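Written out below as structure tokens is the structure these notes cover.
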Amino acid sequence: MKKTYGSLALLALLNSAQAFDYQAHGGVEFFTKIGFNNQGINAQSPNIYPTDTWGSVVARAQVDMDFLTDEQKASGHSLTGSFGVLGGGVIFDLTKDASGNKTYSELFSVGRGDSIVGKEYIANNFVIYNAYLDYTTKIRDHSVEIKVGRYKSKAQFHSGFTQGFEIDYAYKNFNLWWFSSYGRAFAYSEWLYDFYTPKKRGNTYYGVHIFKPSYSAYGFFISPWLQFSPDFYFTPILELGYDSNPSFQNNGFRSQTKIFFMSPFHTTYAQQEYRYQFIAGKGGQTLAIQQRFDINNFNFGLGWYQNFGNANAHFGTYGNAAIGPWDFWTNTVYDFGALTNALTKDAKTGYVYVGATHGKFSWDILGRITHAIRANEYAIPLNLTYAFNDNFKIWLKLEWQSITMHKGFVINDKTGINPDEAPYKDNQLKASRTDDRSHIMMNVSYSF
């Protein structure tokens, strides 16, 4: 896992390249989350936990390379690569639990100095996130791109950085894309993970794969495609879209509509497992509708996301383009690592938003309501971003959030527990309880 064929191929190519141009750049970032609920931990019923408060600093260094001559590129070929590293860590954590809390230790798998923040957010201190080659060739209306190594994923339901390969073929309005991932990583100031396998059974990892044909014309988009992880799920997806003004440049009017219908089928073993405190079952369905309008520099929209059954038991929690323009990792770190209940069994979520861009300043505010068997959530996040220049940017989010956990469930960071089994059964909520999960997030970044 630590060494990739992409980086080895990159070194071999460097020795034989006819032309070699490179550009070095980097940056530093500071992130903090401040939770307004600072109540002490009571692992026994009634499941009292604070909202996490912590901060981190990371630094990034990257070299981007171009291996071909101008003559080769003029003939329709492109060969580029990149090598990037990021390092950093938690600089303060006000959410650490006292190691003497026996009940808490039994219920949670805590490491890294008894810091659940260190376990869930900044799990590593260093990652090689980029080490790839990207080759493209174009012949008349045909183009083929092959990318291999470690790089930022563009898969809609596999976010972060991927380790694997993809092949992208395009002909006029038709596109055919294959994506195979054998590892996933995070290289951000809020999330820092070295490459790991999101879906692994025993010592065997067959990867996550996507086969996506699509067709677009006159603003319409249609794609019946498949994402699968052989030991866990096969998910057929129908994606439909319409863009009234694809060349929109913050001038005039634009309407964008997207519809997703997904129907995961769980494998025999996967359907017997507990996921997010429900049995996974044979599968489920998800319906998502997104509508956005732009009028000059203003935008507003609304959306709906609904699970039928435990549809997100194994799919949709490590990347989800269908859920909408809001962060679904804003709960307390003690509960599924801050994952929203909008992805749990039979959850229904509706949201509306409005925003605008004014030169270097942009803002948006969103209102969300989630009703689920496990919990109800109500949230209003306000995002503010100011770019002082091309290098220096500040992002600030203020979010009011209230979560009502229902009777019979437990707060826990593990995603595969049965709440009716020991040691969790004795800590189930005896009655519904409401907790404030309001918080502030801030990111300050400087790139060079």
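Within region 117-145, being closer than 23 Å to PHE67 by Cα, among the polar types (S, T, N, Q) and touching a residue at least 60 places away in the same chain (Cβ under 8 Å) holds for ASN130, THR137. Taking the criterion of being charged (D, E, K, R) and buried (at least 16 other Cβ atoms within 10 Å of the Cβ), would at least one residue in region 352-361 satisfy it? The answer is no; no qualifying residue exists.
Residue count for region 241-299 satisfying the condition of being among the small types (Gly, Ala, Ser) and in contact with a helix residue (DSSP H, G or I) (Cβ under 7 Å, 6 or more places away or on another chain): 2.
Apart from one condition, THR137 fits all of (1) within 24 Å of TYR318 (Cα to Cα); (2) out of contact with any Phe, Trp or Tyr (no Cβ under 9 Å at 6 or more places or on another chain); the exception is (1).
I'd like the full set of residues that are closer than 20 Å to LEU302 by Cα and in a strand (DSSP E or B), limited to region 346-362. Those that are closer than 20 Å to LEU302 by Cα and in a strand (DSSP E or B): LYS348, THR349, GLY350, TYR351, VAL352, TYR353, VAL354, GLY355, ALA356, THR357, SER362.
The sole residue among TRP400, TRP395 that is touching a strand residue (DSSP E or B) at 6+ places or on another chain (Cβ under 7 Å), farther than 16 Å from ASN312 by Cβ and touching a residue at least 40 places away in the same chain (Cβ under 8 Å) is TRP395. Of the strands (runs of 3 or more DSSP E) entirely within region 240-309, those holding at least 3 residues that are of a type in the set (Phe, Trp, Tyr) occupy 253-262, 298-309. Just so you know, in region 60-98 the residues that are surrounded by 15 or more Cβ atoms within 10 Å (Cβ to Cβ) and aromatic (Phe, Trp, Tyr) include one that is modelled with the lowest pLDDT, and it is PHE67.
Listed here are the residues, each with its yes/no results for (1) buried (at least 22 other Cβ atoms within 10 Å of the Cβ); (2) closer than 18 Å to GLY337 by Cβ; (3) touching a residue at least 60 places away in the same chain (Cβ under 8 Å); (4) among the acidic types (Asp, Glu).
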| residue | (1), (2), (3), (4) |
| --- | --- |
| THR162 | yes, no, no, no |
| PHE179 | yes, no, no, no |
| TYR182 | no, no, no, no |
| ARG201 | no, no, yes, no |
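Output the number of residues of region 166-201 satisfying the condition of being assigned to a loop (DSSP other than H, G, I, E, B), closer than 23 Å to PRO213 by Cβ and in contact with a strand residue (DSSP E or B) (Cβ under 8 Å, 6 or more places away or on another chain). The total comes to 1. The residue pairs whose first member lies in region 254-268 and is polar (S, T, N, Q), whose second member is assigned to a loop (DSSP other than H, G, I, E, B), and whose beta carbons are closer than 7 Å, counting only pairs six or more residues apart or on different chains, are SER255/SER244; THR267/ASP231; THR267/PHE232. For region 381-397, the set of residues classified as under 20 Å from the mean Cα position of the chain (by Cα) and not polar (S, T, N, Q) consists of PRO381, LEU382, TRP395, LEU396, LYS397, listed by residue number.
In summary, LEU226 fulfils each of the numbered conditions (1) within 24 Å of VAL148 (Cβ to Cβ); (2) crowded, with 19+ Cβ neighbours inside 10 Å with the single exception of condition (2). Going through (1) farther than 30 Å from GLU421 by Cβ; (2) at pLDDT 85 or above one by one, ASN15 falls short only on (2).
For region 267-282, a residue qualifies if it is surrounded by fewer than 22 Cβ atoms within 10 Å (Cβ to Cβ) and among the small types (Gly, Ala, Ser), and exactly one does: GLY281. Tell me yes or no: at least one residue of region 368-377 is within 26 Å of MET442 (Cα to Cα), of a type in the set (A, V, I, L, M) and surrounded by fewer than 20 Cβ atoms within 10 Å (Cβ to Cβ). Scanning region 368-377, I find at least one residue that is within 26 Å of MET442 (Cα to Cα), of a type in the set (A, V, I, L, M) and surrounded by fewer than 20 Cβ atoms within 10 Å (Cβ to Cβ), so the answer is yes.
How many residues are aliphatic (A, V, I, L, M), touching a Ser or Thr at 6+ places or on another chain (Cβ under 9 Å) and farther than 26 Å from TRP329 by Cβ if we restrict to region 191-225?
1
Could you tell me whether any residue of region 389-402 is closer than 19 Å to GLY309 by Cβ and either of a type outside the set (Phe, Trp, Tyr) or surrounded by 20 or more Cβ atoms within 10 Å (Cβ to Cβ) (or both)? There is no residue in region 389-402 that is closer than 19 Å to GLY309 by Cβ and either of a type outside the set (Phe, Trp, Tyr) or surrounded by 20 or more Cβ atoms within 10 Å (Cβ to Cβ) (or both). Any residue at all in region 413-428 that's over 30 Å from LYS200 (Cβ atoms), out of contact with any Asp or Glu (no Cβ under 6 Å at 6 or more places or on another chain) and buried (at least 17 other Cβ atoms within 10 Å of the Cβ)? Taking every residue of region 413-428 in turn, none turns out to be over 30 Å from LYS200 (Cβ atoms), out of contact with any Asp or Glu (no Cβ under 6 Å at 6 or more places or on another chain) and buried (at least 17 other Cβ atoms within 10 Å of the Cβ).
The values are calculated or read from the model by the stated rules, or taken from the named source; none is laboratory data. It should be emphasised that the depicted structure is a prediction, and the values quoted were computed from it without experimental measurement. A quick note on method: Cβ atoms are made from the backbone with ideal geometry, for glycine too, and the neighbour counts reach across all protein chains shown.
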